[in-house]
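Novice: Pasting a structure here, questions to come.
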Amino acid sequence: MSPARKGKQQEGGDFINFTESSGATDPAVNALLDQSQRRYAEQRLTRKEREKKKQEREKIRRRRPYHTTYDIPVELRQRIKNVAEQHSVPASQVATLGLLLLVQALDEGQVDVNAYKVPSRSPRYDWNLVLPVEEVLASGRKRRK
């Protein structure tokens with residue numbers, strides 16, 4: 001019996017359907033397949049489209065040092081987005097302004113981080129900050145009305 005044949009017949013014939021995924025694939029194999037598929041798709045583009053893709057990748061690579069990810073409450077993220085839309089500016093610039101003002105307030109002693117500290121269970125950090133998100137967001141809603 002051929003290695004491509006199964007012991008019992010399937011609906012599609014006597015052969016194994018190798019296009020179906022078994023679900024237990026190695027992530028490294030998946031990454032390699034994805035990379036080869038992207039490369040193949042890129043080869044099918046016109047020269048102009050390939051150049052455009054290359055420029056986009058380079059632009060992303062140049063911006064990497066400026067990208068940072070922080071976990072913030074959903075409500076705060078929405079407020080930042082609302083402010084950005086209200087002023088027709090990018091949300092990242094609103095967030096950057098807020099962080100700059102916070103750092104300035106910390107330097108000038110206007111904000112005391114110690115007031116928000118609680119001991120951490122994490123071996124990585126000594127402290128966590130208990131943030132007054134609801135209070136701050138509630139006060140912002142009152143002001144807007």
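The values are calculated or read from the model by the stated rules, or taken from the named source; none is laboratory data. Note that the coordinates shown come from a computational prediction; the quantities given were computed from them, not determined experimentally. Note that we place each Cβ from the backbone using ideal geometry, even for glycine, and neighbour counts take in every protein chain shown.
Novice: Find the residue count for region 64-120, including only residues that are under 21 Å from the mean Cα position of the chain (by Cα) and of a type in the set (Gly, Ala, Ser).
Specialist: Residues that pass the stated criteria total 5.
Novice: I would also like to ask the following. Which residues, counting only those in region 26-71, are not in a helix (DSSP H, G or I) and not aromatic (Phe, Trp, Tyr)?
Specialist: Scanning region 26-71 gives 26, 44, 45, 46, 67, 68, 69, 71.
Novice: With the requirement that a residue be hydrophobic (A, V, I, L, M, F, W, C) and touching a helix residue (DSSP H, G or I) at 6+ places or on another chain (Cβ under 9 Å), what does region 70-96 give you?
Specialist: Across region 70-96, the qualifying residues are 72, 76, 80, 83, 84, 89, 91, 94, 95.
Novice: Would you pick out the residues in region 104-122 that are basic (Lys, Arg) and either over 16 Å from residue 133 (Cα atoms) or not assigned by TED's automatic domain parsing to the domain that holds residue 132 (or both)?
Specialist: Hit for region 104-122 is 121, nothing else.
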